[in-house]
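Peer 1: Below is a structure I'd like to ask you about.
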Amino acid sequence: MNRSSRRRVLAAVFSATAGLTMAAAVITVTHTAQAATTLGASAAEKGRYFGAAVANYKLTDTTYVGILNREFNQVTPENEMKIDATEPQQGVFSYTNADRIVNHARAQGMIVRGHTLAWHSQQPGWMQSMSGTALRSAMLNHVTQVATYYRGKIHSWDVVNEAFADGNGGARRDSNLQRTGNDWIEAAFRAARAADPGAKLCYNDYNTDNWTWDKTQAVYNMVRDFKTRGVPIDCVGLQSHFNSGSPYPSNYRTTLSSFAALGVDVQITELDIEGSGTTQANTYRSVVADCLAVARCTGITVWGIRDTDSWRASGTPLLFDGSGNKKAAYTSTLEALNAGGTTNPTTQPTTPPTTGPTTPPTTQPTTPPTTGPTTPPSGAGCSARVTLNQWGGGFVATVRVTAGSAPLSGWTVGVTLPSGAAVTNSWNTTATGSSGSVSFSNVGYNGSVAAGGATEFGFQGTGVGPSATPTCTAR
C-alpha cells in the first residue's frame, strides 16, 4: 500500500467514527504484508496518526518539507493558530500563515490539529489589557470566529491550553482568563462545539504525564466533572516534554489509560525527548508502546521535525538530526509502531479509578522563579518582571511590563542572559541580540500602556534563564 493509500485508510477511519458512539463504532484497518517504512504509514495501519508541529516559514525548506511529506500524516501549526497570530487586533482576524500550513497538510492527505483557541500566553496586547466581562466576551468571540473559519478542516482543537498551575495542590493557574470566573474553560468548550460540531475538542497541558502528580489529578478531576455534566470534551492532550528534570515516568501508561477510561481520547501532542543514542531511542520506544497499548490513545505529535527545528535544539530531542538524517530514536519509534498494539478504538478501556493516588508525589515541578518588582513603579517610567519556566537545557520567559504614574507610548526591556544562554524565539516583541545583553521592544499593538497598566511579551531560549532584574525604559 503506498503512502497516499495509507492516508486514505486513516481518513476513512476518522470519518467513519466521527459521529458514532464507542459501542457502535466498527473499524476495518488494512494491513500490508510487510512492515511499514514511514511513521505515518505505520500509525495509520493501527488507526492512528503520527504527526509533527510545523512552522510556516520552514515550508520553503526542501529538506524539511521532504521529511514532512514522507514521514507524517498529521500536522499542528506551531505558532500560526495562537491568539496573537490569528487576532492581532481585536476583531481583525489573520489566517494567512495558518492557512498555508492547513492547505499544505490537506493537499498531502494529512489531518490537522488546531493549536490553540484559549491560552493565558501569547495573547495580543489588546487582550492582555482586558479583564472581566469584556475579556470573557472577547475570548468567546475569538473561539467562535476561529473555529468557525476552520470548520470541517480541523480534526482536533486544543480548545484550552495550560490552565493549571505547577506544584502541589492542583490549583488553576492565575491568569486574566481565570479571573473572569472559574467556568471559563467550560464556556470555551461550549463555544467551540457550537462553532465546529465535527472537531474533537481537547484540553492540553504539560507536566500531566505522571499519574501521581497533583496537576495530573486536577486535570483528571476536571475532565471527569465535564463528562458527568455533559460539557463537550472529547480528548486530553499530554504535551510530554521529557528531559532529565522531567523524565518519562514509569506510570505513563497508567495516566493514558486512566484518562481514556473517562470516555475521552488521549493524544500525545508535543512530544520531544532530550538526549541521544540508545537511552533516547528506548524512551521513544516506551512512549509509543504505551500509546499503542491504550485503545483510545489516538495519535502522537512530535514538536518539530529536525533537532535544529526544536525549541529545545541544544537537547537534540527529535527523530531527525539537523541535516535531516534519521536518528536511532527514529528507528526505535518506527519499530515500536510496526510492532503493533491495540487497534484504535475497539472497546472502552477499563473502569477508571474512583480515587486519586494513595501516596503523594515524590517530586513536583518547581514553582517558576520570578525576577523584578511585583508592583508598579512609584513615578513615571516602567518596570519589568520576568517569570521563568525552566528545565534542563532551556527555558521560557514571560515578561510583564508595567507602566508607572504616566502612560507609555513605547518601551524597551533589557535582559542579561547568563553565559551560554541564547534566545531562540520571541513573541509580542522585537528582540535585539540573542545572547549576553538582549533588548526587547514593543511591537505596533502593545506599545501604548495606560498609567499603572501592564502588557506582556515572551521569549524562549537555550541554557539557563535570566536571574537578574530586567531594566525597563519608557519611550
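Peer 1: Out of everything in segment 457-474 that is of a type in the set (A, V, I, L, M, F, W, C) and crowded, with 22+ Cβ neighbours inside 10 Å, what residue ends up being modelled with the highest pLDDT?
Peer 2: Cys472
Peer 1: Look at segment 317-339 and say how many of its residues are open to solvent by 30 Å² or more (accessible area, probe 1.4 Å) and of a type outside the set (A, V, I, L, M).
Peer 2: Qualifying residue count for the region: 9.
For every residue, the table says whether it meets (1) closer than 29 Å to Ile305 by Cα; (2) within 18 Å of the chain's Cα centre (by Cα); (3) free of Cβ contacts under 8 Å to residues at least 24 places away in the same chain.
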site: Asn207; (1), (2), (3): yes, yes, no
site: Trp213; (1), (2), (3): no, no, no
site: Gln217; (1), (2), (3): no, no, no
site: Cys235; (1), (2), (3): yes, yes, no
site: Gly275; (1), (2), (3): yes, no, no
site: Thr283; (1), (2), (3): yes, no, no
site: Ala289; (1), (2), (3): yes, no, no
site: Leu292; (1), (2), (3): yes, no, no
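Residue-by-condition table, conditions (1) at pLDDT below 95; (2) among the charged types (D, E, K, R):
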site: Gly277; (1), (2): no, no
site: Ala281; (1), (2): no, no
site: Ser286; (1), (2): no, no
site: Leu292; (1), (2): no, no
site: Gly299; (1), (2): no, no
site: Trp303; (1), (2): no, no
site: Asp307; (1), (2): no, yes
site: Arg312; (1), (2): yes, yes
site: Leu319; (1), (2): no, no
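Peer 1: Now for a different question. Of the numbered conditions (1) closer than 29 Å to Gly414 by Cβ; (2) modelled with pLDDT of 95 or more, Gly379 fails exactly one; give the number of that condition.
Peer 2: (2)
Peer 1: Moving on to the next point. Could you list, in sequence order, all residues of segment 81-140 that are out of contact with any strand residue (DSSP E or B) (no Cβ under 7 Å at 6 or more places or on another chain), among the aliphatic types (A, V, I, L, M) and over 18 Å from Arg179 (Cβ atoms)?
Peer 2: Answer for segment 81-140, where residues must be out of contact with any strand residue (DSSP E or B) (no Cβ under 7 Å at 6 or more places or on another chain), among the aliphatic types (A, V, I, L, M) and over 18 Å from Arg179 (Cβ atoms): Ala85, Val92, Ala107.
Peer 1: Within 21 Å of the chain's Cα centre (by Cα) and farther than 19 Å from Gln217 by Cα, is that true of Leu271?
Peer 2: Yes, satisfied.
Peer 1: Oh, and also: Specify the residue that is most open to solvent (accessible area, probe 1.4 Å); the eligible residues are those in segment 47-81 that are assigned to a helix (DSSP H, G or I) and in contact with a Gly (Cβ under 8 Å, 6 or more places away or on another chain).
Peer 2: Checked segment 47-81; the qualifying residue most open to solvent (accessible area, probe 1.4 Å) is Thr63.
Peer 1: Restrict the check to segment 41-53 and report whether at least one residue is at pLDDT 95 or above, more than 23 Å from Lys200 (Cβ to Cβ) and touching a helix residue (DSSP H, G or I) at 6+ places or on another chain (Cβ under 9 Å).
Peer 2: No, segment 41-53 contains no residue that is at pLDDT 95 or above, more than 23 Å from Lys200 (Cβ to Cβ) and touching a helix residue (DSSP H, G or I) at 6+ places or on another chain (Cβ under 9 Å).
Peer 1: Ser314 fails exactly one of the following numbered conditions: (1) under 21 Å from Glu78 (Cα atoms); (2) part of a helix (DSSP H, G or I); (3) open to solvent by less than 10 Å² (accessible area, probe 1.4 Å). What is the number of that condition?
Peer 2: (3)
Peer 1: For the subset of segment 433-456 comprising residues that are more than 13 Å from Gly125 (Cβ to Cβ) and out of contact with any Gly (no Cβ under 9 Å at 6 or more places or on another chain), which member is surrounded by the most Cβ atoms within 10 Å (Cβ to Cβ)?
Peer 2: Among residues in segment 433-456 that are more than 13 Å from Gly125 (Cβ to Cβ) and out of contact with any Gly (no Cβ under 9 Å at 6 or more places or on another chain), the one surrounded by the most Cβ atoms within 10 Å (Cβ to Cβ) is Gly433.
Peer 1: While we're here: Give just the number: which of (1) modelled with pLDDT of 95 or more; (2) open to solvent by 40 Å² or more (accessible area, probe 1.4 Å) does Thr355 not satisfy?
Peer 2: (1)
Peer 1: Hey, another quick one. How about segment 294-311: which of its residues are free of Cβ contacts under 8 Å to residues at least 60 places away in the same chain, surrounded by 21 or more Cβ atoms within 10 Å (Cβ to Cβ) and among the polar types (S, T, N, Q)?
Peer 2: Once the filter is applied, which keeps residues that are free of Cβ contacts under 8 Å to residues at least 60 places away in the same chain, surrounded by 21 or more Cβ atoms within 10 Å (Cβ to Cβ) and among the polar types (S, T, N, Q), segment 294-311 yields only Ser310.
Peer 1: Applying the selection to segment 105-135, what residues are under 19 Å from the mean Cα position of the chain (by Cα) and of a type in the set (S, T, N, Q)?
Peer 2: Scanning segment 105-135 gives Thr116, Ser121, Gln122, Gln123.
Peer 1: Further question on the same structure: Among the residues of segment 227-243, is any within 28 Å of Ala55 (Cα to Cα) and modelled with pLDDT under 95?
Peer 2: Looking through segment 227-243, at least one residue is within 28 Å of Ala55 (Cα to Cα) and modelled with pLDDT under 95.
Peer 1: Quickly run through segment 317-333 and pick out the residues that are in a loop (DSSP other than H, G, I, E, B) and either aromatic (Phe, Trp, Tyr) or out of contact with any helix residue (DSSP H, G or I) (no Cβ under 6 Å at 6 or more places or on another chain) (or both).
Peer 2: Pro317, Ser323, Asn325, Lys327
Peer 1: Also, I was wondering about something else. Kindly indicate which of Tyr252, Tyr248, Tyr220, Tyr206 is aromatic (Phe, Trp, Tyr) and open to solvent by 40 Å² or more (accessible area, probe 1.4 Å).
Peer 2: Tyr248
Peer 1: From the set of residues in segment 387-402 that are touching a strand residue (DSSP E or B) at 6+ places or on another chain (Cβ under 6 Å) and among the polar types (S, T, N, Q), which is modelled with the highest pLDDT?
Peer 2: By that ranking, first place goes to Thr402.
Peer 1: Across segment 313-337, what is the number of residues that are among the hydrophobic types (A, V, I, L, M, F, W, C) and closer than 10 Å to Val302 by Cβ?
Peer 2: The number of residues fulfilling the criteria is 4.
The values are calculated or read from the model by the stated rules, or taken from the named source; none is laboratory data. Given the structure is predicted, the values throughout are model-derived calculations rather than measurements. So basically every Cβ, Gly included, is an ideal-geometry build from the backbone, and we count neighbours across all protein chains shown. Areas reflect the complete protein model, heavy atoms only, side chains present, ligands, DNA and RNA absent. Shrake-Rupley method; radii C 1.70, N 1.55, O 1.52, S 1.80 Å.
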